[in-house]
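Notes to accompany the following structure.
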C-alpha cells in the first residue's frame, strides 16, 4: 500500500507537470507559446517539418503526462515522455550544463527518469492500469523506447543537416 501511494504521488506530480508543460506547447495555456509558437521554436532549431516536431514534443509531454498521472497505459505514456525529454535534453539543454538555473538538463532529466522508473516498476494499485489489468511486456516496452530514441536521433540528424546546408549556402 505504501509503495502504491508513493507511486501515485510521483505519477500525479510528474505527470501533471509534464501535461501542463505540453499544454503550453499545444494550446498556449499557462502563458505558453501555443502550437504556432512551438512550431516557430522548432523552425529556429532547424527541425523539418517543424509542425511535426512541435506536435511530437507537445503530445509527448501532454498526452504522456496525462497517461502517467492517471496510470492509464502507463508504459506508453512513459515512452512519449522519455522521447520528449531526451530530445529536450539533447537539443535545448545539454549545452547549458547540468543546472536548471542555467537552463541545463537537471529538470528534464529528472522527469525522464521518473517516467522511466514508473514504467519499469508499474503504476501501482491506485491506477487505471491496475483496475483494468493492463501490463505491457518488458520486451515490448524496450522496443517502444528504442523506437522513441530512433525518432529522436532522426530529429537530431535532420536539424543538424539543416544547419550544414545553411552553412554551405
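The values are calculated or read from the model by the stated rules, or taken from the named source; none is laboratory data. Nothing here was measured: the structure is a model prediction, and the numbers come from that model. No Cβ is skipped: glycine too gets one built from the backbone with ideal geometry, and neighbour counts run over all protein chains shown.
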- Task: Scan the range 114-150 for residues that are within 21 Å of residue 93 (Cβ to Cβ) and surrounded by fewer than 16 Cβ atoms within 10 Å (Cβ to Cβ) and jot them down.
- Result: 117, 149, 150
- Considering only the range 62-76, state which residues are surrounded by fewer than 23 Cβ atoms within 10 Å (Cβ to Cβ) and within 12 Å of the chain's Cα centre (by Cα). 63, 66, 76
- Residue list for the range 77-107, filter: within 27 Å of residue 138 (Cα to Cα), in contact (Cβ under 8 Å) with a residue 24 or more places away in the chain and over 11 Å from the mean Cα position of the chain (by Cα): 90
- Message: Exactly one of these conditions fails for residue 47: (1) within 15 Å of the chain's Cα centre (by Cα); (2) in contact (Cβ under 8 Å) with a residue 60 or more places away in the chain; (3) buried (at least 23 other Cβ atoms within 10 Å of the Cβ). Give me its number.
- Response: (1)
- Task: Return yes when residue 129 is part of a helix (DSSP H, G or I), under 20 Å from residue 65 (Cβ atoms) and over 19 Å from the mean Cα position of the chain (by Cα) and no when it is not.
- Result: yes
- Taking residue 1 as meeting all but one of (1) closer than 19 Å to residue 124 by Cβ; (2) in contact (Cβ under 8 Å) with a residue 24 or more places away in the chain; (3) surrounded by fewer than 17 Cβ atoms within 10 Å (Cβ to Cβ); (4) touching a helix residue (DSSP H, G or I) at 6+ places or on another chain (Cβ under 9 Å), write down the number of the exception. (4)
- Only one residue in 16, 67 is closer than 18 Å to residue 141 by Cβ and either in contact with a helix residue (DSSP H, G or I) (Cβ under 9 Å, 6 or more places away or on another chain) or at pLDDT below 95 (or both), so which one is that? 67
- Here the residues within the range 21-31 that are crowded, with 16+ Cβ neighbours inside 10 Å and either out of contact with any helix residue (DSSP H, G or I) (no Cβ under 6 Å at 6 or more places or on another chain) or farther than 21 Å from residue 109 by Cα (or both) are 26
- Message: I need every pair where a residue in the range 108-126 that is at positive phi and in contact (Cβ under 8 Å) with a residue 40 or more places away in the chain has its Cβ under 6 Å from the Cβ of a residue that is surrounded by fewer than 21 Cβ atoms within 10 Å (Cβ to Cβ) and in a helix (DSSP H, G or I), sequence separation at least 6 or different chains.
- Response: 124/4; 124/8
- Message: Please go through the range 91-105 and give me each residue that is surrounded by 14 or more Cβ atoms within 10 Å (Cβ to Cβ) and over 19 Å from residue 60 (Cβ atoms), ordered by number.
- Response: 96, 100, 104
